[in-house]
Amino acid sequence: MNEGKSILASNHTPGPWQASGHHIYGPKHYESRHVNGRVLVGEVVRGNHRADPHLDGGADCFGFDSKADVALIASAPCLLEAAHKAMLFIETSFQEDVHELEVYSVLRKAIAKAVGNVEKAYD
């Protein structure tokens, strides 16, 4: 059964990631040119608005808080690992009935989407 391992394959920057202002940083790396020595994973920018702590999180005309976006993105590796562990638990606990569980389908699709497996993310 163990379909989880096949759809978890990903080449993303390993976690944990850290949120800092409008940046998301991965692990330290010897080739990084950032002062903190970490790999820049991403930056949240919406027009001219960044998740600047001096701008109350960089809320823009849409009413979205960019700092909240940064925090959510930075948690992605932990959430992916948790989803994978939950899926494996469900597989071993429910075995034959696993495909009848909506939560299993939701986890599978979320993991597939997170690792860029478009075929399985929307099946």
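The values are calculated or read from the model by the stated rules, or taken from the named source; none is laboratory data. Note that the coordinates shown come from a computational prediction; the quantities given were computed from them, not determined experimentally. Counting neighbours? That spans all protein chains shown, and the Cβs are built from the backbone with ideal geometry, glycine included.
A compact table of results
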quantity: Selection count where residues are surrounded by 15 or more Cβ atoms within 10 Å (Cβ to Cβ), part of a loop (DSSP other than H, G, I, E, B) and either at positive phi or modelled with pLDDT of 80 or more (or both), scope region 1-21; calculated: 4
quantity: Flag for LYS85 being within 22 Å of THR13 (Cβ to Cβ) and of a type in the set (Lys, Arg); calculated: yes
quantity: Leading residue by the ranking (surrounded by the most Cβ atoms within 10 Å (Cβ to Cβ)) among those in region 23-37 that are at pLDDT below 80 and not charged (D, E, K, R); calculated: SER32
quantity: Qualifying residue in region 89-103 (condition: part of a helix (DSSP H, G or I), touching a Lys or Arg at 6+ places or on another chain (Cβ under 9 Å) and surrounded by 12 or more Cβ atoms within 10 Å (Cβ to Cβ)); calculated: no
quantity: Only listed residue being acidic (Asp, Glu), in a helix (DSSP H, G or I) and either modelled with pLDDT under 80 or buried (at least 18 other Cβ atoms within 10 Å of the Cβ) (or both), chosen from ASP69, ASP60; calculated: ASP69
quantity: Subset of region 38-48 [crowded, with 16+ Cβ neighbours inside 10 Å and over 17 Å from the mean Cα position of the chain (by Cα)]; calculated: ARG38, ARG46
